[in-house]
Amino acid sequence: MTISIATASNRLKMLSRQLSTSRTSPVSTKSLINDSVKESPVTFTEGVGLKTFTLNRPRALNALNRDMMKLIRRRIGEWDANPSTGVIVSSGVGKAYCAGGDVKSIALNANKAEALQILKEEFELDHELSVLTKPYIALMDGYTMGGGAGIALPAPVRISTDNTYLSFPETRLGYAPDVGASYYLSRLDGQLGTYLSLTGAGVSGSDAYHLGLSTHHVSPSLFPALLARLSDLPTPVTAAAVSGAVEEYTTHPLPRLSEEWRGAHRRAIDDAFGQASVEDIVQVLQHQAEGGNKGVSVWATSTLHTLRQRPPTSLRVALEAVRRGMKMHSVAQALHQEHTFADGFLHANEDFAKGVQAVLVDKATHPPDWSPRSLRDTHKADVLGAYFAGTQRVHGANALDLRSEKRPLHAFRDFTLPSEHAVESYVRGSHPASGANAVTRDEVLAFFKSAHSNKQSKAVADKVQEVLDRCAEEKGGYMRWI
């Protein structure tokens, strides 16, 4: 399913209106809930090996509030320390996995210290999920946005569905993607992460699988059978065993990657969002809007419109954060960075409060009066000082409490389709498994099908073929990276 910038904007408007509505989801997540505790904002079930927590605020699209975070953090700590725990699973009731954090309690909170404390607790939960010693699975069925992505993306096994809509809409709210986004998004292929971070563009479930945001794509009708299969895995359970078990339930055949993420559109994303500054990004988009490729021109025009509606400060912070994220070695580093710039958004200007008020409270159809209004009125040096230097509010006793001795057991891309970087290194001969000789297209395909033999062969082939078509050329029967 293709989700354009305009469609994503409309979807976000609809979301802001739906925060007071509910609908019965076709997903059988209700089966995870005991009727006696269904009023709890988070419900927990404990089998012999399978432990689940389910976000249970469907009228609020399972927006994560402070009480929910405390409940989850306490229980997952108990589960992770229990030798009998095999797998930990998270899910959501209704049409959302989790549509974000309870940002109104943060951005509109007159007590700035309390607002920053709420974010601190959220980031610490995100980190705890990333360093669980037991395999963690996120059933990302439905809206998975902002803070919702923050509790899903730490999972080494992330399951999307046809209902999934994943985005980081923070710049629309006068803020910047946090909850580890500067780490996770910077690990997507090319400049996809930068594009998603600055624009808030939405990604469908099948596209999330192709792009590496999810590791598996499963019909929610199969969740009960999948959970039963996971509960039967012998302990100690490994994430690799979990990934293999989930693969048995993966949708066949998988939808093809949407056109907006491949070919000329994808080259346009990389060309524009690979630039060093927001001004340069805008300049390249202007050239693309005037170019000869009609599809790219329409996309570039729409993207320019989106960026012009975003606050300049948010664009600068989001770009700087994802660029720094590329050099980071852990989610913890990203969370410390995001805690620092969150302090800046709460104290340095009013854009965050204005954005939340306009989008979530007033349901405004136009952006508020950002301050400053244009890129010309902002400077990178000022942004670095106000949003990345940090104050005592985020240092010392106020710093995030992230246990430095705990590290994620698996990398973000361990169970995804092959990355573009892996294909490049194999073609160039720098991959550990490649030799000194040039390789043919068939040899590249055969290698990655073998290396990802637990994945659908066609899905692996489609991913590798798309990368080769876009980034390599065939000369004398051999592939050459361009």
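Just so you know, all these numbers are worked out from the coordinates, no wet-lab data involved. If you're wondering where the values come from, they're calculated on a predicted model, not measured in any experiment. Every residue, glycine among them, receives a Cβ derived from its backbone with ideal geometry; neighbour counts consider all protein chains shown.
Among the listed pairs 95/120; 70/112; 449/475; 104/363; 120/354; 104/380, which have their C-alpha atoms separated by more than 25 angstrom in this model? The pairs that break the limit, which is 25 Å between Cα atoms, are 95/120; 104/380.
Close amide-amide hydrogen proximity is noted between residue 92 and 55, 141, each under 5 Å apart and 5 or more residues distant or on a separate chain (H modeled in the peptide plane; Pro and chain starts excluded).
May I ask for the net charge around residue 382, where only other residues with Cβ less than 13 Å from the Cβ of residue 382 are counted and Lys, Arg are +1 while Asp, Glu are -1? Don't jump to the answer; show the numbers that get you there.
On the way: positive: 316, 376, 380; negative: 320, 377.
Cβ neighbours under 13 Å give a net charge of +1.
Each of 391, 164, 301 was scored by other Cβ atoms within 10 Å of its Cβ. Listed from fewest to most, they are 391, 301, 164.
Viscosity 1.567 mPa s, temperature 4 °C: what is the translational diffusion coefficient of region 420-481 from Stokes-Einstein with a Kirkwood Rh over Cα pairs, rounded to a whole number of µm²/s?
D = 113 µm²/s.
Residue order for 137, 151, 118, fewest other beta carbons within 10 angstrom first, comes to 118, 137, 151.
For region 266-370, what does the alpha-carbon gyration tensor say about shape, rounded, prolate or oblate, given a ≥ b ≥ c as the root eigenvalues, a/c under 1.5 as rounded, and a/b over b/c as prolate? It comes out oblate by the Cα gyration axes. Charging the Cβ of each Asp and Glu at -1 and of each Lys and Arg at +1, and nothing else, the dipole of the chain about its Cα centre rounds to 440 debye.
Principal axis analysis of the Cα atoms in region 223-289 yields extents of 56, 27, 16 Å, listed in decreasing size.
Going by Cα centres, region 405-426 and region 261-337 are how many Å apart? Using only Cα atoms to place each centre, the spacing works out to 23 Å.
Using a cutoff of 8 angstrom between alpha carbon atoms and counting only pairs six or more residues apart, the relative contact order for region 304-425 works out to 32 percent. Residue-wise HN-Hα couplings along region 279-288, as the Karplus relation 6.51 cos²θ - 1.76 cosθ + 1.60 with θ = phi - 60° gives them from phi, are 4, 5, 4, 4, 5, 5, 4, 5, 5, 5 Hz; Gly and Pro carry x. Considering only 58, 453, 370, and ranking their Cα positions along the charge dipole of the chain that arises from unit charges at the beta-carbon of Lys, Arg, Asp and Glu, the one farthest toward the positive end is 58.
The alpha carbon centroids of region 180-219 and region 342-365 are separated by 25 Å.
Computed over the alpha-carbon pairs of the chain, the distance histogram in 10 Å steps reads 4, 20, 31, 27, 14, 3, 0 percent, short to long. With neighbour counts taken as other beta-carbon atoms within 10 Å, the residues 69, 140 rank, fewest first, as 69, 140.
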